[in-house]
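Visitor: Next up is a structure, given as structure tokens.
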Number of protein chains: 2
Amino acid sequence: MTNRILTPDALEAALRAIGAERYHNLHPFHRALHDGKLNKGQVQAWALNRYYYQASIPAKDASLLARLPTTELRREWRRRLEDHDGTQPGTGGVARWLKLTDGLGLDRAYVESLEGLLPGTRFAVEAYVQFVRERSILEAIASSLTELFSPTIISERVAGMLGNYDFITEETLAYFKPRLTQAPQDSAFALAYVREHARTPEQQAAVLNALKFKCNVLWSMLDALDYAYVVPARIPPGAFRPDTQA
Amino acid sequence: MTNRILTPDALEAALRAIGAERYHNLHPFHRALHDGKLNKGQVQAWALNRYYYQASIPAKDASLLARLPTTELRREWRRRLEDHDGTQPGTGGVARWLKLTDGLGLDRAYVESLEGLLPGTRFAVEAYVQFVRERSILEAIASSLTELFSPTIISERVAGMLGNYDFITEETLAYFKPRLTQAPQDSAFALAYVREHARTPEQQAAVLNALKFKCNVLWSMLDALDYAYVVPARIPPGAFRPDTQA
């Protein structure tokens, strides 16, 4: 870490460089997923594990919302909660994710029970929730900046999955389409906040570390999936086994 | 989960059954380690990652100690802190673990910096510390019960590593010998506590889940190592790379 202070542009460039090296679109599991290299059970495992991440996002946003000091910030963060939790039953990002697990033939009660979750998924997601709960507001906001890179991965994922898997339809991928407009709006706000509020070398280092941390969360979720279900397929005791759910 | 109450003996049998299915002596990485199937870099990666677990144990014990209500319990838990933190510089389990990383040729400052840690290790260890901080005293004590199974794994590990690796000596394995007497003492106390205090079906279910959770922590630490360094060797960005540490 340098001890010089970065201009806002240089800070943004450093954040984007972290994404270019560490965002999970570079992970072999992501490539296998969008290239059609996975079987249905492996795609089920991805959707089931990722559900816990999706379901935890509004909880982590709510814990940040509870600490935000101004109307403007709370209004912005409340919009994120609305995006994920919806305005009535069956709406919002978490509900749309369940349409994906439904479409893949997973039992909804089993998915929601989290029983078949990989421990690696659980620990990574909980580390993220904990980070947002404990760290400064600046770091908590910075940890959301992986959204800067998500429109690319979502486009790859949707096109790749629709083209490569006969068990995937537009409807099962309903989660992703709204994210293509929500994520840029979210990340534009967070980036502007970080550019404005990370004013000392220490704050800038904390912001960069928050983004690295978050990249590690997403990356290690794919590590766990790849290890358990793809190569060499060593599902740990108690985790979801394709074709054997109750 | 049954809703019947178990006798103390039946509860103990259920705890031992969890170990028989889920303790990390069954993990392929553990088998490879003690069978001499790993190269020095892979053993370094194990020691470096496991260091974070070792160094976090007295911190988790201190957080439990701070919540214990009686002299008897605090005295017992204080002994664990002494075992790990020692009574003066260079003594105790954490210091003995650093003799292992020294003996493997790892730079001590690099090990202690945690820079090369796998994210999966970090998240699993922090989940354990957090569990002990947040859950009931009964669950926190129950989560230490993996010690019931550790004398076996330590014996296998020491014999296997001494026999199979020319870079391992009795001295580098100094960590383990005292654990062969400390662990049974620790687990005998914890087991007696759990047998006595888990009196309702809910408490007994919580105790069994605490031990499963802890087995998941240890198991997923080996998942992360095996995935990153053994098969198919996909070290994530920023983690320790054998032979390239500063």
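Visitor: What Kirkwood hydrodynamic radius, in Å, does segment A:105-149 give when the mean of 1/r is taken over all pairs of distinct Cα atoms and then inverted?
Guide: The answer is 12.5 Å.
Visitor: Also: As I understand it, the dipole of segment A:8-229 uses +1 on the Cβ of Lys and Arg and -1 on the Cβ of Asp and Glu, about the Cα centre. Which of A:151, A:183, A:63 lies farthest toward its positive end?
Guide: It is A:63, whose Cα lies furthest towards the positive end.
Visitor: I would also like to ask the following. Could you bin all the Cα-Cα distances of the protein assembly as shown into 20 Å bins starting at 0 and give me the percent of pairs in each, rounded to whole numbers?
Guide: Cα pair-distance distribution for the protein assembly as shown, in percent: 22, 54, 24, 0.
Visitor: Give the shape of segment A:100-218 as rounded, prolate or oblate, defined through the alpha-carbon gyration tensor: a ≥ b ≥ c are the square roots of its eigenvalues, a/c under 1.5 means rounded, and otherwise the shape is prolate if a/b is larger than b/c and oblate if not.
Guide: oblate
Visitor: Right, next: Principal axis extents for segment A:1-41, Cα atoms only, whole Å, descending order, please.
Guide: For segment A:1-41, the Cα spread along each principal axis is 49, 17, 12 Å.
Visitor: Under unit Cβ charges (Lys, Arg +1; Asp, Glu -1), what dipole magnitude, rounded to 20 debye, does segment A:157-231 have relative to its Cα centre?
Guide: 320
Visitor: With the Cα gyration tensor of segment A:88-131 in hand, convert its eigenvalues to equivalent ellipsoid semi-axes via √(5λ) and list them largest first in whole Å.
Guide: 21, 15, 8
Visitor: Further question: Please tell me which of these pairs span more than 25 angstrom C-alpha to C-alpha: B:40/B:177; B:37/B:99; A:60/A:99; B:60/B:212; A:37/A:212; A:177/A:214?
Guide: A:37/A:212
Visitor: Would you grab the residues whose amide H sits under 5 Å from the one on residue B:235? Only those 5+ places off in sequence or on another chain, please, with H modelled 1.01 Å from N.
Guide: Residues meeting the amide H criterion: none.
Visitor: Given charges of +1 on the Cβ of Lys and Arg and -1 on the Cβ of Asp and Glu, with all other atoms neutral, how large is the dipole of segment A:8-229 about its Cα centre, in debye to the nearest 20?
Guide: Working: 26 positive and 27 negative charges, 44 e Å.
Rounded to the nearest 20 debye, it is 220 debye.
Visitor: Something else: Give me the Kirkwood hydrodynamic radius of segment A:164-245 in Å, from all C-alpha pairs, to one decimal place?
Guide: Roughly 16.6 Å, rounded to one decimal.
Visitor: Okay, next question. Please list, by residue number, every one of the trypsin sites (Lys or Arg not before Pro) in segment B:1-98 that is coil in DSSP and has at most 14 other beta-carbon atoms within 10 Å.
Guide: Sites meeting the loop and neighbour criteria: B:4, B:37, B:67.
Visitor: Considering only DSSP states other than H, G, I, E and B, which trypsin sites (Lys or Arg not before Pro) in segment A:174-233 qualify as loop sites with at most 15 other Cβ atoms within 10 Å?
Guide: A:199
Visitor: When only Cα pairs under 8 Å and 6 or more residues apart are kept, what is the percent relative contact order across chain B?
Guide: Result for chain B is 35 percent.
Visitor: Under the rule of at least 5 residues apart or a separate chain, name every residue whose amide H is placed under 5 Å from the amide H of residue A:91.
Guide: Answer set, sorted by chain and number: none.
Visitor: Which GluC sites (Glu not before Pro) does segment A:49-155 hold that lie in a coil by DSSP with at most 16 other beta carbons within 10 Å?
Guide: Answer in residue order: A:115.
Visitor: Further question on the same structure: Looking at chain A, do any whole DSSP H helices span at least 27 angstrom along their long axis by alpha carbon and average 0.0 or above on Kyte-Doolittle, and which?
Guide: A:201-225
Visitor: Where Lys and Arg each count +1 and Asp and Glu each count -1, what net charge lies around residue B:53 among other residues with Cβ under 11 Å from its Cβ? Provide the component values of the computation, followed by the final result.
Guide: Numbers: positive: B:50, B:60, B:122; negative: B:126.
Here the count lands on +2.
Visitor: If ligands, DNA and RNA are left out, what is the accessible area of residue A:207 with a 1.4 Å probe, given in Å² to the nearest 10?
Guide: 0
Visitor: Specify the inter-centroid distance of segment B:130-176 and segment A:92-144, based on alpha-carbon positions, in whole Å.
Guide: With segment B:130-176 and segment A:92-144 each reduced to a Cα centre, they are spaced 31 Å.
Visitor: When Cβ neighbours within 10 Å are restricted to other protein chains, what is their mean count per residue of peptide B:119-131?
Guide: 6
Visitor: Run the helix sum for the protein assembly as shown: -39,500 (n - 2.57) per DSSP H stretch of 4+ residues, divided by residue count, reported at 222 nm to the nearest 500 deg cm²/dmol.
Guide: Helix-only estimate at 222 nm: -22000 deg cm²/dmol.
Visitor: I'd like the mean, over residues of A:187-193, of how many other protein chain beta carbons sit within 10 Å of each residue's own Cβ. Working shown, then result.
Guide: Details: counts 0, 0, 0, 0, 0, 0, 0.
The shielding value for this peptide is 0.
Visitor: I would also like to ask the following. D for segment A:8-229, whole µm²/s, Stokes-Einstein with Kirkwood Rh over alpha-carbon pairs at 10 °C and 1.306 mPa s: what number?
Guide: Details: Rh = 17.8 Å.
Calculated translational D: 89 µm²/s.
Visitor: For segment B:27-81, give the magnitude of the charge dipole about the Cα centre (Cβ charges: +1 Lys/Arg, -1 Asp/Glu; no others), in debye to the nearest 20.
Guide: About 80 debye.
Visitor: Moving to a separate point now. Please report Rg over Rh for segment A:44-172, where both radii come from the alpha carbon positions and Rh follows the Kirkwood definition.
Guide: Reported Rg/Rh, Kirkwood definition of Rh: 0.98.
Visitor: Using a 1.4 angstrom probe with every protein chain in place, what is the largest-first accessible-area order of B:102, A:61, A:223, A:85?
Guide: A:85, B:102, A:223, A:61
Visitor: Please identify, among A:62, A:109, A:210, the residue showing maximal mean-square fluctuation in a Gaussian network model of chain A using a 10 angstrom Cα cutoff.
Guide: Looking only at A:62, A:109, A:210, the largest GNM fluctuation is found for A:109.
Visitor: Something else now. Whenever you get a sec, compute what percent of the accessible area on segment B:8-229 sits on carbon and sulfur atoms (1.4 Å probe).
Guide: In segment B:8-229, the share of accessible area belonging to carbon and sulfur is 51 percent.
Visitor: With unit charges on the beta carbons (Lys and Arg positive, Asp and Glu negative) and the dipole taken about the Cα centre of segment B:8-229, which residue among B:73, B:114, B:32 sits farthest to the positive side?
Guide: B:73
Visitor: Leaving out ligands and nucleic acids, and using a 1.4 Å probe, what accessible area per residue does the protein assembly as shown come to in Å²?
Guide: Roughly 41 Å² per residue, with all protein chains present.
The values are calculated or read from the model by the stated rules, or taken from the named source; none is laboratory data. For clarity, every value in this text was computed on a predicted model and none was experimentally measured. Neighbour counts run over all protein chains shown; Cβ positions are idealised from the backbone, glycine included. Quick note on the areas: whole protein, heavy atoms, side chains included, nothing else; ligands and nucleic acids left out. Shrake-Rupley method; radii C 1.70, N 1.55, O 1.52, S 1.80 Å.
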